[in-house]
Amino acid sequence: MSDIDLNLQIWRQKKSDSPGAFETYALDKISTEMSFLEMLDVLNEKLTKQGLDPVAFDHDCREGICGMCGTVVNGVAHGPEKEVTLCQLHMRNFKDGDTLVIEPFRSRAFPIRKDLLIDRSAFDRIIQSGGYVSVNTGGTPDGNAIPIPAQTAELAMDAAACIGCGACVASCPNGAAMLFTSAKVSQLCLLPQGQTERKQRALDMVATMDKEGFGNCTNERECEAVCPKSISIRNIARLNREYLMAALSEG
Amino acid sequence: MWPIKFISSSIGKKIIMAVSGLLLILFLCTHALGNAAIFVSSHAFQTYANALHSLPVVVLLFGLGLLVILLFHIGFGINLFLQNRAAGGNRYAINTRVVKNSFASKTMPYTGLLILLFIIIHVFGFNNGPADMEVSQLVKEYLSNFFYSLFYIFSFCALALHLSHGFWSMLQTFGINHPRYNNGIAKLTLIVPAFFLVFFGAIALYFMSGLGASY
Ligand code: HEM
Ligand code: FES
């Protein structure tokens, strides 16, 4: 175990419509065993003791499953370690004397509420427009009554691993939400229960995605590279197919 | 109207880019095939050109078709570029690209515009040569000029860069992404641009270097 000294530059913004700016904070003797959010907790304790406004940031489970946390650290969503959320990023990834520039996930569709805290309800509206099964698919079926090939089930599970953190949007040079939307469409279109509404779902969710002000995908692959759940852009290819098929027959 | 809705959607626009890109690649293939006659002899090339122009209606229809395809590709490409700049742009104090080799994808609109500049100069040049000169001689006339050839080679590099992202991107847009084929696709994404660069570049070099002086 060792301690490191850090120089933090954090985006501070009072509310959505106020101008923001970077503030610099020096933080000494941070244990490398700490998580990134614990490091921010230490900073906030210090700020509170000084009578200053603590840095607002989102978090809930702190075990990498809820999708609430996330900031951009030195230009990379969820920081330098692969396949982890910010809460699971540990300070051992940084060196003594490092400068960390900490910014909120930025997107035209994610207004900043305060400091590092953003409003991701645009994602909720994409889900509300089709990310569910609303037809009656009967009561709980007997196990294995509906055979689903193991490979298909695995693909659906891989897509369902998306926690909706928004890192894909934050890292996309175009601010596109294709990885998120494609994961949500994929997890349902692969399974029998999702078939009835399959085409309408693809049409509606893409329409909402476009309306919310996300950009267009140009296959830059940044989303896949920063996704804490390793959602593959194979899902985006699947969404492209789903959307094309749906548009040609029911669009 | 569903076609209007389709081409106004983000994915619809991407599919227009991919379909028009594919058609442009197919055109390049036929263009390369025809131009291969240059390496046989000036006579072979002139015979090919004469055969082509003995069917003026076909030439006109293909030319117009190509123009429409190109206009779609350019129009939608610029529209996507502007929309994406507004939605994304440089919005962080520090912009880090995690993906390696992102140069080609970042420069798509710029390599595209260079290709456009080339197309304008190329088409204008070959349609406005001296009236008494056959096209087989015109090729030599133009490409024996060092700087004219250099500009051609430079443009082919831009095309190769455009396709080194575009070819893979097109297949991804069509929804073709499967572990069984991805290695092959990655190889083709190098081979296809390299082929056009080497083939068209060779024509320019042939005359530039003087090798084709008496072709
Ligand atoms: C012979 C000439 C050309 C060929 C073979 C070609 C081919 C392609 C291909 C295959 C793609 C990938 C489509 C996709 O991502 O689905 C593409 C994308 C693109 N092309 Fe071209 N192109 C050509 C000329 C041009 C020109 C003249 C422009 C002028 C602006 C241009 C601008 C773009 C842009 C901006 C993209 C990226 C679109 C996106 O990913 O959203 N291209 N091109
Ligand atoms: S706080 Fe739940 S994923 Fe990070």
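The values are calculated or read from the model by the stated rules, or taken from the named source; none is laboratory data. Since we're looking at a predicted model, the values are computed, not measured. Glycine also receives a Cβ, built like all others from the backbone with ideal geometry; neighbour counts cover every protein chain displayed. Only protein heavy atoms, including side chains, enter the accessible area calculation; ligands, DNA and RNA are left aside. Shrake-Rupley method; radii C 1.70, N 1.55, O 1.52, S 1.80 Å.
Average accessible surface for region A:1-150: 52 Å² per residue, computed with a 1.4 Å probe over protein heavy atoms with every protein chain in place.
Distance between the modelled labels on B:Asn90 and A:Ala161, one decimal in nanometres: 3.5 nm (7 Å Cα→Cβ projection).
Accessible surface ranking for A:Ser230, B:Ser54, 1.4 angstrom probe, highest first: B:Ser54, A:Ser230. In the context of the full set of protein chains, residues of region B:15-63 present 58 Å² of accessible surface per residue (probe radius 1.4 Å, heavy atoms only). Of A:Phe22, B:Phe45, B:Phe124, the residue with the largest accessible area leads and the full order is B:Phe124, A:Phe22, B:Phe45 (1.4 Å probe).
Over 18 Å apart: what share of the alpha carbon pairs of region B:36-79 falls there, rounded to a whole percent? Of all Cα-Cα pairs in region B:36-79, 52 percent lie more than 18 Å apart.
Note on the protein assembly as shown: semi-axes of the ellipsoid equivalent to its C-alpha gyration tensor, largest first and rounded to whole Å, are 50, 29, 19. Return one number: the angle in degrees, 0 to 90 and rounded to the nearest 10, between the long axis of the Cα atoms of helix B:108-127 and the longest principal axis of the Cα atoms of chain B. Tilt of helix B:108-127: around 20 degrees. For the protein assembly as shown, adding -39500 (n - 2.57) for each run of n ≥ 4 DSSP H residues and dividing by the number of residues yields -18000 deg cm²/dmol at 222 nm.
A:Trp11 exposes around 40 Å² of accessible area when a 1.4 Å probe is run over every protein chain in place. Here the protein assembly as shown has 62 percent of its accessible surface on carbon and sulfur atoms, given a 1.4 Å probe and all protein chains in place. Taking the square roots of 5 times each eigenvalue of the Cα gyration tensor of region A:63-139, largest first, gives ellipsoid semi-axes of 32, 17, 8 Å. The accessible-area loss of region B:1-50 on complex formation, taken against its chain alone with a 1.4 Å probe, reaches 40 Å² or more at B:Trp2, B:Phe6, B:Ser10, B:Ile11, B:Lys14.
Kindly express, to the nearest 10 degrees and within the range 0 to 90, the angle between helix A:150-160's C-alpha long axis and the longest C-alpha principal axis of chain A. Long axis of A:150-160 versus the principal axis of chain A: about 40 degrees.
All other residues whose Cβ lies under 11 angstrom from that of A:Glu38 are scored, Lys and Arg at +1 and Asp and Glu at -1, for a net of -2. If one puts a single equal scatterer on every Cα of region A:1-64 and applies the Debye formula without solvent, what log₁₀ I(q)/I(0) results at q = 0.15, 0.16, 0.22 Å⁻¹? Log10 I(q)/I(0), no solvent term: -0.54, -0.61, -1.05. Comparing the full protein assembly with the isolated chain, the residues of region A:42-85 losing at least 40 square angstrom of accessible surface (1.4 Å probe) are A:Gly75. Among the aspartates and glutamates, select those whose C-alpha is under 18 Å from the C-alpha of A:Lys184, and discard any that sit fewer than 8 residues away in the same chain. Output for A:Lys184: A:Asp124, A:Glu154, A:Asp158, A:Glu197, A:Asp204, A:Asp210, A:Glu212, A:Glu224, A:Glu242. Specify whether the C-alpha gyration tensor of chain A places it in the rounded, prolate or oblate class, a ≥ b ≥ c being the square roots of the eigenvalues: rounded for a/c under 1.5, otherwise prolate if a/b is larger than b/c and oblate if not. Because a/c hits 1.5 or more and a/b exceeds b/c, chain A counts as prolate.
Above 32 Å, the calculated P(r) of region B:2-208 contains 25 percent of its Cα-Cα pairs.
With contacts taken as Cα pairs under 8 Å at a separation of at least 6 residues, chain B carries a relative contact order of 28 percent. When B:His73, B:His43 are compared by accessible area of protein heavy atoms, the largest-first order is B:His43, B:His73, using a 1.4 Å probe. Chains B and A together bury some 3500 Å² of accessible area, summed over both sides, with a 1.4 Å probe. Interface residues of region B:171-215, defined as a loss of at least 50 Å² in heavy-atom accessible area between the chain alone and the complex of all protein chains with a 1.4 Å probe, are B:Gln172, B:Gly175, B:Asn177.
Given A:Lys29/A:Lys114; A:Lys229/B:Lys106; A:Lys14/B:Lys14; B:Lys140/B:Lys187; A:Lys29/B:Lys100; A:Lys95/A:Lys211, which pairs have Cα atoms separated by over 32 Å?
In this structure, A:Lys14/B:Lys14; B:Lys140/B:Lys187; A:Lys29/B:Lys100; A:Lys95/A:Lys211 lie more than 32 Å apart at Cα.
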